[in-house]
Structure formats: C-alpha cells, structure tokens
Amino acid sequence: MTDTPADDLKPSFRSDVTVELVKHSAADSDVLWAARVSTAGEQSLEELNKDPERSKGLINYLMRDRHGSPFEHNSMTFFISAPIFVFREFMRHRVGWSYNEESGRYRELQPVFYVPGEDRKLVQQGRPGKYEFVHGTPEQYGAVTAAMEESYRQSYAAYQEMLAAGVAREVARATLPVGLFSSMYATCNARSLMHFLGLRTQHELAKVPSFPQREIEMVGEKMEAEWAKLMPLTYAAFNANGRVAP
C-alpha cells in the first residue's frame, strides 16, 4: 500500500475495534485426535465422529479435569486493528501466541485515533482490587472527547513536521500517543485463547472474576465469537466449566 502524502492526512477518530479471522486450522476433531492417540493410536475423522455424545463427553472431561495439551493442536490467525495501548496489554500473553505488528520505523503511521464511545464507562469508583466503573456525565464525555482530539491533532502535527524536516520515522513517531490505532496479526491456539478470554473478558459463567479494560475486552469478545463457530463443543465445555483454561 502506498502511503498518503503527509499534507493530505487529517486525524480521524474511532471508538470501535476490528477483528478479522484471516485463516485457521481449528476444529473440535483436533482435540479428539490429540486426546485419543494416547489410548487408540491414529483414528480417522469418520471414527472420531461416529459417536457425537462420546466426543462431547471426552472434550468436557478434558476441560473439567484440566488436561490442556489436546487443546493446543489447532491454530487461528486474527487481524486486529486497535489502539496501541490494547496491544501493550496483549503482549502480556506470551505462551501460545505469535504477533506481528505494523512498524512505525518502516511506514508512515496513519492518523487514526481512539476516542471512547458514549457507552464506555468513564469513572472509577472504589479502591484498587475492589472497584467498579460507572458511566460519566455528558460534561465528562465532552471533556474527554475534546481533550483527546486536541492532543491527537497536536501530536500528529508535530509528527508530520518532523517527517517534513527529514527526521527518520523511527524518531518522529516518539511524539505519537498510545491512543493511535495500530494493526497486527495474532496467532494462537484454543488453549491460549481460552486463557486470554478468562482474563480479558467478563462473563456471568466465569468462576474466577476478571476486571479487563474495556477496549481489550472488545477485542476479546470479537475473537470469542469467531472461535465459538469453529469449535462449538470446546467452546461449550469452556463455558460449562467456569471459563477456566485447562
């Protein structure tokens, strides 16, 4: 893709995220193959599927008793577009994940920035470890939007000025904030995704409470929806057993 000349770029603002499943090799049969090889050797897909209730029961047993390795023999690659601060949280998840993010050293970064939507709770109440977020007032939303947009415009203008003066992209990018949108490919397996979802989403069926930042939860919800379609038995077992990764 050819970068747009700096003079033609104007900041734009988003309150959503993008998650696209770009490729996968992931099915419930992958779990069954991996689990049954220890007792039955290699089996055909026909053999695996001839007793659906037995397959469902096996996957639930593996999930319940936390036999995790059979859930690793699959792969999903997502294309994700989100604010940089979301990716900084993503990097806490290292086991079973691979990442490649767009580079501010090699291309001019586009002026797309995050501004919370009106449904994003703004105010934190309580102490750390025992707090909740509540909706802000219209005045608070207005102040947040105005302050963020002005800050973004100033930082991107400084970035453009440095580029125009011949400063290297890897130096000029230092002026840009973590609210800038970036994009990456993220590849994981079902076990690593379950661990991610257990920490980065809130759910009524979860045995262990989680308090994710809303923006990474938005990404997690979209990833979860794609995974649920690929591996419905595994997904059902994950929910039935408290959304704890095996």
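The values are calculated or read from the model by the stated rules, or taken from the named source; none is laboratory data. Keep in mind that what you see is a predicted model, and the values were worked out from it rather than measured. Counting neighbours? That spans all protein chains shown, and the Cβs are built from the backbone with ideal geometry, glycine included.
See the values below:
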{"item": "Scan of the stretch 177-211 for residues that are over 11 Å from residue 245 (Cβ atoms) and out of contact with any strand residue (DSSP E or B) (no Cβ under 9 Å at 6 or more places or on another chain), ordered by number", "result": "200, 201, 202, 203, 204, 205, 206, 207, 209, 210"}
{"item": "Qualifying residue in the stretch 191-209 (condition: over 30 Å from residue 124 (Cβ atoms) and surrounded by 15 or more Cβ atoms within 10 Å (Cβ to Cβ))", "result": "yes"}
{"item": "Which numbered condition residue 199 fails, given (1) farther than 19 Å from residue 101 by Cα; (2) not in a helix (DSSP H, G or I)", "result": "(2)"}
{"item": "Residue match in the stretch 95-116 (condition: among the polar types (S, T, N, Q) and out of contact with any strand residue (DSSP E or B) (no Cβ under 9 Å at 6 or more places or on another chain))", "result": "yes"}
{"item": "Residue among 142, 129 that alone is among the small types (Gly, Ala, Ser) and at pLDDT below 95", "result": "129"}
{"item": "Meets criteria (surrounded by 14 or more Cβ atoms within 10 Å (Cβ to Cβ), under 19 Å from residue 99 (Cα atoms) and touching a residue at least 12 places away in the same chain (Cβ under 8 Å)) for residue 220", "result": "yes"}
{"item": "Criterion (assigned to a loop (DSSP other than H, G, I, E, B), acidic (Asp, Glu) and over 22 Å from residue 92 (Cα atoms)) met by exactly one of 150, 204, 139", "result": "204"}
{"item": "Meets criteria (among the acidic types (Asp, Glu) and in contact (Cβ under 8 Å) with a residue 40 or more places away in the chain) for residue 170", "result": "yes"}
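Listed here are the residues, each with its yes/no results for (1) among the β-branched types (Val, Ile, Thr); (2) assigned to a strand (DSSP E or B); (3) touching a residue at least 60 places away in the same chain (Cβ under 8 Å).
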site: 100; (1), (2), (3): no, yes, yes
site: 119; (1), (2), (3): no, no, no
site: 124; (1), (2), (3): no, yes, no
site: 143; (1), (2), (3): no, no, no
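Every residue, every condition in (1) modelled with pLDDT under 95; (2) among the hydroxyl-bearing types (Ser, Thr, Tyr); (3) under 30 Å from residue 171 (Cα atoms), yes or no:
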{"position": "3", "(1), (2), (3)": "yes, no, yes"}
{"position": "21", "(1), (2), (3)": "no, no, no"}
{"position": "40", "(1), (2), (3)": "yes, no, no"}
{"position": "49", "(1), (2), (3)": "yes, no, no"}
{"position": "70", "(1), (2), (3)": "no, no, no"}
{"position": "81", "(1), (2), (3)": "no, yes, yes"}
{"position": "97", "(1), (2), (3)": "no, no, yes"}
{"position": "101", "(1), (2), (3)": "no, no, yes"}
{"position": "110", "(1), (2), (3)": "no, no, yes"}
